[in-house]
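Trainee: Let me begin by handing over the structure; questions about it come next.
Read-outs: derived from the displayed coordinates by stated rules, not from any lab. Since we're looking at a predicted model, the values are computed, not measured. Cβ: placed from backbone, ideal geometry, glycine included. Neighbour counts: every protein chain shown.
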Amino acid sequence: MQSRRRRTHATFFLLLVLHVCSAGAVKAADMVSATVLVKDSLTAPRQEATIEAKLLAKGILHNSPLGGEPVELLVNGVAAAASMTGGDGRALLPFVPTAKGIVPVQVRVGTSPRVSAAEAHANLVVWERRTPVLVVELSSLIEDARSEGPLSGIGSSFQDLKPMADAAGELAKLSQFYYGIMYVATVPSGADAFAISADTRNWLATHKFPLGFVLTLPPGEDALGAKIDELHEAGWKSVKTGIGRSKVFVETFLRRRLEAVLVPEPSKGDAPRKAKVAKDWKDVRKKL
């Protein structure tokens with residue numbers, strides 16, 4: 001009799017364990033797989049930065065925003081801020097750095113009953129406002145830049161594009177002791193600025209370009225010009241030199257009486273008046 005009771009209890013316990021495990025498996029299967037995307041952020045020491053992140057549900061045809069979900073900011077592996085995503089999947093995470101430099105940051109999904117773990121990385125760029133800044137058009141770094149617009153250098157096969165000879169090495173020399181590098185990546189019509197930001201960082205890292213601030217903008221002079229004006233009004237007066245491939249990029253600087261270098265050398269007569277022209281990246285430093 002006791003042996004039968006023990007067998008009954010053992011069977012009941014086994015069924016209970018199987019039920020709990022099955023429920024856990026169903027719950028895990030019901031969790032939404034997500035993607036986190038993060039943009040770079042620019043600030044000065046002891047000035048609040050806002051790290052902007054976006055949470056998307058992975059889908060077969062498209063990614064839809066996930067609102068009402070917790071996200072956390074980690075700086076040097078330490079939790080620094082927390083927020084909830086809005087209806088568009090975006091979240092703003094504040095942080096005040098104390099020293100200059102380029103700080104890697106991480107944004108991850110917080111404790112959520114609905115969304116599975118996911119994370120992404122970006123850079124918090126902390127420069128003194130007097131730091132000389134080189135604004136570099138992304139397409140000027142690409143060997144065969146295919147563009148949808150005058151500032152564009154990114155397409156669906158962006159990661160397959162090769163860098164121009166010497167571009168990474170020359171920018172590394174310029175950034176080593178003097179310049180901060182601001183990379184301008186254009187967001188083609190219909191593309192996601194967060195995804196373009198991530199793709200640009202990955203491409204730059206793959207080809208060993210120096211760390212810098214990745215700025216995403218819509219195509220055209222208006223967006224670039226407005227951003228330069230905004231930076232100047234915010235105290236970034238040292239943003240005064242552009243290196244670009246397109247006339248629109250270079251002329252945007254020239255119209256503000258700022259320096260601009262066109263690279264590579266265009267066909268005869270195609271360079272804007274007053275623009276400095278570098279035949280290749282080896283020649284760029286001579287023009288600055």
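Trainee: Taking the Cα centre of the stretch 133-287 as origin, sum charge times position over the Cβ atoms of Lys and Arg (+1) and Asp and Glu (-1), and report the length of that vector in debye to the nearest 20. Could you put the intermediate results ahead of the total?
Mentor: On the way: 22 positive and 20 negative charges, 154 e Å.
So the dipole magnitude of the stretch 133-287 works out to roughly 740 debye.
Trainee: Additional query: Aspartates and glutamates near Lys100 by alpha-carbon distance under 12 Å, same-chain residues fewer than 8 away left out - which ones?
Mentor: Glu128
Trainee: Please work out how much length the chain gains when fully extended from Lys274 to Asp192, using 0.36 nm per residue of separation minus the C-alpha to C-alpha distance, in nm with one decimal. Don't jump to the answer; show the numbers that get you there.
Mentor: Numbers: separation 82, 0.36 × 82 = 29.52 nm, distance 3.47 nm.
The Lys274-Asp192 span can extend by a further 26.1 nm.
Trainee: Classify the stretch 34-126 as rounded, prolate or oblate from the Cα gyration tensor: take a ≥ b ≥ c as the square roots of its eigenvalues, call it rounded if a/c is under 1.5, otherwise prolate when a/b beats b/c and oblate if not.
Mentor: Numbers: a/c = 2.26, a/b = 2.03, b/c = 1.11.
Judged from the Cα gyration tensor, the stretch 34-126 comes out prolate (a/c at least 1.5, a/b above b/c).
Trainee: Using the structure shown, list the pairs from Lys39/Lys208; Lys208/Lys286; Lys162/Lys279; Lys39/Lys287 with a Cα-Cα distance above 28 Å, or answer none. Can you show the working numbers first?
Mentor: Numbers: Lys39/Lys208 19 Å; Lys208/Lys286 22 Å; Lys162/Lys279 18 Å; Lys39/Lys287 31 Å.
Cα-Cα > 28 Å for Lys39/Lys287; rest within.
Trainee: On to the next question. How do 48-59, 227-238, 66-77 rank on mean C-beta neighbours within 10 Å, highest first? Before the final figure, lay out each step's value.
Mentor: Values: 48-59: 19.3, 227-238: 14.8, 66-77: 17.6.
Most protected by this proxy first, the peptides run 48-59, 66-77, 227-238.
Trainee: Pop a pseudo-label 7 angstrom from the Cα along the beta-carbon direction at both Asp229 and Asp160 and give the gap in nm to one decimal.
Mentor: Label-label distance for Asp229 and Asp160, simple model: 4.0 nm.
Trainee: When DSSP beta bridges are limited to those with both residues in the stretch 106-242, what percentage is antiparallel, rounded to the nearest 5? It would help to have the intermediate numbers written out before the result.
Mentor: Values: 4 of 17 bridges.
Expressed as a percentage, antiparallel bridges in the stretch 106-242 total about 25.
Trainee: Could you give the radius of gyration (one decimal) and Dmax (whole number) of the Cα atoms in the stretch 133-287, in Å?
Mentor: Using the Cα atoms of the stretch 133-287, the pair Rg, Dmax is 14.2, 38 Å.
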